[in-house]
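Here's the structure, in structure tokens; my notes come after.
The values are calculated or read from the model by the stated rules, or taken from the named source; none is laboratory data. Note that the coordinates shown come from a computational prediction; the quantities given were computed from them, not determined experimentally. Note that each Cβ is placed from the backbone with ideal geometry, even for glycine, and that neighbours are counted across all protein chains shown.
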Amino acid sequence: MSKVKKKVKVIKIDVDKCNGCRACEVVCSAFHAKPKYSSNNPARSRIRLISDPLKDVYLPVYAGEYTKAECSGRDKYVIDGKEYDECDFCRASCPSRDFFKEPDSGLPLRCDMCEDDPPQEKPLCVQWCLNDALTYEEREEEVEEEVKPEDVEIGLGSMIDKYGLEKVMDTVARMAKKE
Ligand code: SF4
Ligand code: SF4
């Protein structure tokens, strides 16, 4: 299978620089409000701040995949003397907590890197983070080229036109046996 170049978008989070201002939550929820910028309820934000000011813990987390069931992970991590729950780092919209759910409908939320309409050149949360706790990077990665079903159909159609359906079917059956 051939390889293609894919643009990968990355937001780097430096927890030591985050002061818990929550500007990222405000701008994200406002951008995704309907109509746009009509409200700024952080519960609708695709980035949430896990914070415990007494322990100087400020951890911005992005909304990722939806999951139906909660996992069993309850480990604790101590990093630079600060204690975090395993769930703190999790990006899932999951039944065990209220994060990353649209408050009215309960539908899961997911960060779209602001590829909403209109798409943003740089994620808004990064632009609004005045402490540089969030920085944006783009890099290229080589990935396997995705096989599109329509391309397979076009290829098969032209083979059938050229050799006839029976011959193509025979060949596929023979190849399947060899595998
Ligand atoms: S805007 Fe930056 S400093 Fe403020 S809470 Fe978000 S990540 Fe932290
Ligand atoms: S990248 Fe955009 S959609 Fe994702 S959390 Fe930041 S502001 Fe929200």
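Details
- For region 57-66, residues that are in a strand (DSSP E or B) and not hydroxyl-bearing (Ser, Thr, Tyr) total 4.
- Condition met for residue 91 (in contact (Cβ under 8 Å) with a residue 40 or more places away in the chain, within 12 Å of ligand 2 (Cβ to nearest atom) and either within 18 Å of the chain's Cα centre (by Cα) or more than 18 Å from residue 21 (Cα to Cα) (or both)): no
- Scanning region 36-48 for residues that are surrounded by 13 or more Cβ atoms within 10 Å (Cβ to Cβ) and either touching a Phe, Trp or Tyr at 6+ places or on another chain (Cβ under 7 Å) or among the charged types (D, E, K, R) (or both) yields a count of 4.
- Exclusive hit being modelled with pLDDT of 95 or more and more than 14 Å from the chain's Cα centre (by Cα), set 62, 58: 58
- So residue 33, is it modelled with pLDDT under 95, touching a helix residue (DSSP H, G or I) at 6+ places or on another chain (Cβ under 9 Å) and surrounded by 11 or more Cβ atoms within 10 Å (Cβ to Cβ): yes
- Inter-residue pairs, beta-carbon under 6 Å, first over 15 Å from residue 46 (Cα atoms) and free of Cβ contacts under 8 Å to residues at least 12 places away in the same chain and in region 118-129, second assigned to a loop (DSSP other than H, G, I, E, B) and of a type in the set (Ser, Thr, Tyr), 6+ apart: none
- The set of residues in region 49-63 being surrounded by 14 or more Cβ atoms within 10 Å (Cβ to Cβ), away from ligand 1 (no atom under 13 Å from the Cβ) and over 15 Å from residue 100 (Cα atoms) consists of 52 alone.
- Test for residue 66: is it within 20 Å of residue 129 (Cβ to Cβ) and surrounded by 14 or more Cβ atoms within 10 Å (Cβ to Cβ): no
- Failed item, numbered, when residue 128 is tested on (1) in contact with a Leu (Cβ under 9 Å, 6 or more places away or on another chain); (2) more than 12 Å from ligand 2 (Cβ to nearest atom); (3) not basic (Lys, Arg): (2)
Let's see how each residue does on (1) touching a Pro at 6+ places or on another chain (Cβ under 6 Å); (2) outside any loop (DSSP other than H, G, I, E, B); (3) at pLDDT below 95:
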site: 19; (1), (2), (3): no, no, no
site: 29; (1), (2), (3): yes, yes, no
site: 40; (1), (2), (3): no, no, yes
site: 48; (1), (2), (3): no, yes, no
site: 51; (1), (2), (3): no, yes, no
site: 68; (1), (2), (3): no, no, yes
site: 78; (1), (2), (3): no, yes, no
site: 97; (1), (2), (3): no, no, yes
site: 115; (1), (2), (3): no, no, yes
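- Those residues of region 78-122 which are among the charged types (D, E, K, R) and farther than 27 Å from residue 55 by Cβ, in sequence order: 102, 104, 110, 112, 115, 116, 117, 121, 122
- Among the conditions (1) more than 14 Å from ligand 2 (Cβ to nearest atom); (2) of a type in the set (Val, Ile, Thr); (3) within 19 Å of residue 136 (Cα to Cα), the only one that residue 61 does not satisfy is (1).
- Every condition in (1) touching a Phe, Trp or Tyr at 6+ places or on another chain (Cβ under 9 Å); (2) within 14 Å of ligand 2 (Cβ to nearest atom); (3) not in a helix (DSSP H, G or I); (4) not acidic (Asp, Glu) is met by residue 15 except one, and the failing one is (2).
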